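Heads up, the thing below is written out as structure tokens.
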Amino acid sequence: MDIAKRLYLYVVSAVSLLVLSIGLYNLVAVVLGELADALGASIIGGGGSTGREQVSLAIALVAVGSPVFAVHWLLVGRGWRGSDDTARNDRHSAIRALHLGLVGTVALAFGAYAALELLDYVFGTLLGTDPGGARPSDHVALLLVAAPVWWYHQRRRSIDLRHDRLSRAAAWITRLQRYAWAFVGLVLLVGGVSQVIETLLSVLIGREGFGGGADWWLVPLTWSLATVVVGAGLFWFQADDARRAVSDAETVGEDDRASALRATYFGAVILVALSNVGVTVASSLAELGRWVLGVSDGTDTSAFLELVVGPPLVAIPFAIAGWLHWAAWRREGAGRSPVALAAVERLALHLTAAVGIIFLAVGTAQLLGRLFEVALAVAADNDFLRFELAWFVAQIVVGAVLWIPAWTLVMRRRLATPITERHVTAGRAYLYLAVGAALIAAVPSAAFSLYRVVDTLLGGRGVALGSDLSIPIAVVIVASVIALYHARLLLSDLRSAAPAQPSAVAVAGASAIVEVAAQPSAVVTATVPGVSLALTLRGPAGTDLESVADALREHLPPGLVLEDH
Amino acid sequence: MNEPSGVMTAPPSGSAAFPRSVVLIGAAISALVVIALIVAVALPNRPTEYAAGSPEAAFQDFYEAWETGDIEAAYGHFSSTVTAEMSPAEYRRMDADWSWQRDQGRRLVLLNVDVTADRSVLRIRVDQFSEGGLAGERYSYERSVRLVRERGTWLIDEPLVGIESVPYQY
């Protein structure tokens, strides 16, 4: 099947499936809604032709959508069934992967939304909240249509993966869908648990608006419980899918644990967990500081519990999720190879250092700015200043607790194994990020400061420079220190990179296959037994190396595998 | 997972023959269409009959009058407080501006009635369907209607056009 035909078939299939699904949703919604109204509703006005209009439109959509979809999907099926090259190419195509991934994702999004609304209604009914104008039959209908569509496309892709040793876009689009939905599910789950804890603690300590018989908080509580259940379901399914992909590595043809998307997923979870816990702990520390300084918003025990004790408790689900992911990721790396374990630890350390330095930089710049204002007598030393200083110092404390240990370990690793640690992507990315972000912060602040100075020298508006320039100058100072420190390391690494290539590479002419290293299989793919040989394929600019690699794969003897890394 | 990794010799699923699953899905969709037709045509889902003199019956009479375009009759269901603020001519102008409600294919479902002495509040769910877009638009929302009893008759105590409460000063 050529690309144009494949594109046509999959696009028309997707659009006609959308039309068919909307028609089916309306049909089911009308049937359930009419039955519910006929069985128990008290109709006080209107109603006669409402259901008929909807049924008419729904039947029209189904009548148009189903034959178009059926014909095109049968043609698609003829394309990918079989063992010839045409069928194989179709199953390997990025268009097919995109179609299955996109349709599955849209269906899952609608299904998750319907499940959230439905569970919110169920929990609300159980807890006795007012459901308002909600119509659960609509959500049941949406779920009944979206779930089979998602299930079919998910299952179809799962079979493809295990049969065809997919690679490149066909593989990573599927993987992207898996890990993106796992992340969404985890965020819903952890965020929901955090919200439940916050609501229940607020009720327990009698937070303002939560006591005295008020029960409005049951409404957000039911929504939080719904997000917990839906998030848990999404996360469990995707995590189980990932687990099966890892255990089926030999059948699938590649080790999911070595994929960049899996590492990105773990990194994103750790980043979100660190950021959330950092912000809440900083907020709690700031309130503690205000309490000590006597400038807190509340003075009673309830306020202390709400402002100082509460935030860390609410952040516990994020801390647990981050820790569990870190432990699982580290255990997985250790199970693969020392190299993989080092990569996991390296990435986690750099992520921690990145979060820490952001807290440090923001807190220090704000603190310096306020201190300049006090020194220049443009800000009074009053309660509001102390109120703010508590927040700035809290950010610095959290930043220091994160950055100093993480960066100390990074520097130790750089000293112990400089050739590796000074040239790896994670370390290089961290340094570029630190220098780039610092410059982006410093440049506008420096330009503004210079503008105000020049404007004043030229007799511009006579506003006090101290109040205008305190914060920008503080930003320039902090950003410059960060940029200089990291730029020095970055330049040193770049200078050392040229003569120290990872290994002795013998390039034979303009296009050659070069052996880099021969090593035990455990380093590359733990699940595929036997030995392995890491190779680098080089060629002139413009060469389609992927096609060459595919051609090589075609000629491999039985039992041998050529993998992308 | 039909076979171990390596050479592919068989299709990933099923045979290439006419798929039975398509027939089954088609039959299920056809059955759903028939059920939907039966439900839409056979189920009455007409307005409930309420006891004469009840707040529900008062609102139902008002809504039926408004729905059929009998503005004078609808105006007759308003309380003295409302009629003092709004003349029949003003109400007619308001109705002209809000008459689009008649095209919305609405169904009003009574959720509950709260009666306190001579006042009552009806909580009503409005199920609405309007054409437009690929699938039309269906959604539900809630409205409350206030009534007051004057000389033994329940009357609507807010300027209502259809189910929407409209500000005075027309």
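A short reminder: the numbers here are calculations on the coordinates, not readings from a lab. What you see is a predicted model; the values in this text were computed from it and never measured. Using ideal geometry, Cβ is built from the backbone for each residue, glycine included, and neighbour counts are taken over all protein chains shown.
For region A:74-183, take every pair of Cα atoms, bin their distances at 5 Å starting from 0, and report each bin as a whole percent.
Per 5 Å bin, starting at 0, the Cα pair percentages come out as 2, 12, 18, 18, 13, 11, 9, 6, 5, 4, 2, 1, 0.
Output ³J(HN,Hα) for region A:8-24: one whole-Hz value per residue in order, computed from phi by the Karplus curve 6.51 cos²θ - 1.76 cosθ + 1.60 with θ = phi - 60°, and x for Gly and Pro.
Calculated HN-Hα couplings, in order: 4, 4, 6, 5, 5, 4, 5, 5, 5, 5, 4, 4, 4, 5, 5, x, 5 Hz.
Can you tell me the 0 to 90 degree angle between the C-alpha axis of helix B:88-98 and the longest principal axis of chain B, rounded to 10?
10
Output wanted: per-residue J couplings in Hz (rounded whole) for region A:148-158, from phi through Karplus 6.51 cos²θ - 1.76 cosθ + 1.60, θ = phi - 60°, x for Gly and Pro.
With the stated coefficients, region A:148-158 comes to x, 4, 4, 4, 4, 5, 5, 5, 4, 5, 4 Hz.
Are there any GluC sites (Glu not before Pro) in region A:175-253 that are in a DSSP loop and have at most 12 other Cβ atoms within 10 Å? List them by number. Let's see the in-between values first.
Numbers: sites: A:Glu198, A:Glu208, A:Glu250; in loops: A:Glu208.
Here the sparse-neighbourhood loop sites are A:Glu208.
When the helix-only estimate is applied to chain B (DSSP H runs of n ≥ 4, each -39,500 (n - 2.57), divided by the residue count), what is the mean residue ellipticity at 222 nm, nearest 500 deg cm²/dmol? Before the final figure, lay out the partial values.
Working: 5 runs with 58 residues, N = 170.
The per-residue figure over chain B is -10500 deg cm²/dmol.
Taking neighbour counts of Cβ atoms within 10 Å as a proxy for exposure, in what order, fewest first, do A:Ser259, B:Ser130 appear? Don't skip to the end; give the middle numbers.
Numbers: A:Ser259 21, B:Ser130 15.
Least to most surrounded, the residues fall as B:Ser130, A:Ser259.
Which trypsin sites (Lys or Arg not before Pro) from region B:63-170 combine a DSSP loop assignment with at most 14 other Cβ atoms within 10 Å?
Values: sites: B:Arg92, B:Arg93, B:Arg102, B:Arg106, B:Arg107, B:Arg119, B:Arg123, B:Arg125, B:Arg138, B:Arg143, B:Arg146, B:Arg149, B:Arg151; in loops: B:Arg106, B:Arg151.
Those that pass, being in a loop and sparsely packed, are B:Arg151.
In a Debye calculation with equal point scatterers on the alpha-carbon sites of region A:1-140 and no solvent, what is log10 I(q)/I(0) at q = 0.18, 0.21 Å⁻¹?
Values returned for q = 0.18, 0.21 Å⁻¹ are -1.05, -1.23.
Rounded to whole Hz and in sequence order, give me ³J(HN,Hα) for region A:219-232 from the Karplus expression 6.51 cos²θ - 1.76 cosθ + 1.60, θ = phi - 60°, writing x for Gly and Pro.
5, x, 5, 5, 5, 4, 4, 5, 5, 4, 5, 5, x, 4
Just check region A:184-317 against the gyration tensor rule for me: Cα atoms, a ≥ b ≥ c as the square roots of the eigenvalues, rounded for a/c under 1.5, and otherwise prolate or oblate depending on whether a/b exceeds b/c.
On the way: a/c = 5.47, a/b = 1.97, b/c = 2.78.
Oblate shape, in that a/c is at least 1.5 and b/c is the bigger or equal ratio.
Would you kindly give the portion of the calculated P(r) for chain B that falls above 22 Å, as a percent of all Cα pairs?
On the way: 8448 of 14365 pairs.
For chain B, the fraction of Cα-Cα distances above 22 Å is 59 percent.
In degrees, nearest 10, range 0 to 90: what is the angle between the Cα axis of helix B:20-42 and the longest Cα principal axis of chain B?
Its long axis makes an angle of about 20 degrees.
Just the C-alpha atoms of the protein assembly as shown: what Rg/Rh do they give, with Rh taken as the Kirkwood radius?
Values: Rg = 33.7 Å, Rh = 31.9 Å.
Reported Rg/Rh (Cα atoms, Kirkwood Rh): 1.05.
Tell me what chain A gives for mean residue ellipticity at 222 nm when only DSSP H runs of n ≥ 4 count, each as -39,500 (n - 2.57), the sum divided by the residue total, rounded to 500 deg cm²/dmol. Please list the in-between numbers first.
Numbers: 18 runs with 432 residues, N = 565.
Calculated mean residue ellipticity at 222 nm is -27000 deg cm²/dmol.
Is the shape of region B:73-132 best called rounded, prolate or oblate, per the rule: a/c under 1.5 gives rounded, else a/b larger than b/c gives prolate, else oblate, with a ≥ b ≥ c the square roots of the Cα gyration tensor eigenvalues?
On the way: a/c = 3.61, a/b = 1.09, b/c = 3.30.
Here region B:73-132 falls in the oblate category.
Say the dipole of the protein assembly as shown comes from +1 at the beta carbon of Lys and Arg and -1 at that of Asp and Glu; which of A:Thr264, A:Ile316, B:Ser30 then lies farthest toward its positive end?
Of the options given, the answer is A:Thr264.
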